[in-house]
């Protein structure tokens, strides 16, 4: 059997695309409206090859870190936040309106990129990568990913 040459930059790109697909699957699902933030978040996830050995997957939306890591929103100049009450809101409201009042709002973390990285390291590589690199290389890559894991960095 003749070993075929593997373009490492192309392999890194294929692996980054696979991780991007997993991140899109793990990202929060919102209403189907194109204006809904979670729909925008899913659509903004990109993969970029930095070198023959490194790629990044992420988003540049300003609220993505708050979704991933969680956050606490507090008013800057007022004593309280006022916003349209979400369904099932049990907190204080302004009388005769649908406006909720809160001193702070806590967003629970939804670490979709970390879940995607964990899936990437634990699941088999998809057929389009296996066919490109061959079964032996695919198995070696999978073993290496399981051993090393992936890192979620904040920039």
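Please give the contour-minus-distance gain from residue 155 to residue 66: 0.36 nm per residue of separation, less the Cα-Cα distance, rounded to one decimal in nm.
Result for the pair: 30.7 nm of gain on full extension.
When only Cα pairs under 8 Å and 6 or more residues apart are kept, what is the percent relative contact order across the chain?
This gives 22 percent for the chain.
Expressed as an acute angle from 0 to 90° and rounded to the nearest 10, what is the orientation of the C-alpha long axis of helix 112-122 relative to the principal long axis of the chain?
Result, in degrees: 20.
Could you work out the relative contact order of the range 68-151? I mean the mean sequence separation of Cα pairs under 8 Å and 6+ apart, divided by the number of residues, in percent.
28
Using helices alone, what [θ] at 222 nm do you get for the chain, with -39,500 (n - 2.57) per DSSP H run of 4 or more residues, divided over all residues and rounded to the nearest 500?
Helix-only estimate at 222 nm: -12500 deg cm²/dmol.
Using just the C-alpha positions of the chain as equal point scatterers, what log10 of I(q)/I(0) does the Debye formula give at each q in 0.13, 0.19, 0.21 1/Å?
-0.72, -1.19, -1.36
Using Cα pairs closer than 8 Å and at least 6 residues apart in sequence, work out the relative contact order for the range 44-113, in percent.
33
So what's the angle, to the nearest 10 degrees on a 0 to 90 scale, between helix 8-26 and the longest Cα principal axis of the chain?
For 8-26 against the chain, the angle is about 30 degrees.
Of the listed peptides 109-116, 96-103, what is their order by residue-averaged count of other C-beta atoms within 10 Å, with the highest listed first?
So the peptides 109-116, 96-103, ranked by packing, come out 109-116, 96-103.
Can you tell me the 0 to 90 degree angle between the C-alpha axis of helix 135-148 and the longest principal axis of the chain, rounded to 10?
With rounding to tens, the tilt is 50 degrees.
Just 131, 46, 26 to compare: in a GNM of the chain, with alpha carbon springs under 10 Å, which one fluctuates most?
Among 131, 46, 26, the largest mean-square fluctuation in the Gaussian network model of the chain belongs to 131.
Every read-out reported here was derived from the displayed coordinates using simple, explicitly stated rules and does not represent laboratory data. In this text, all values refer to a predicted model and were calculated from it rather than measured experimentally. So basically every Cβ, Gly included, is an ideal-geometry build from the backbone, and we count neighbours across all protein chains shown.
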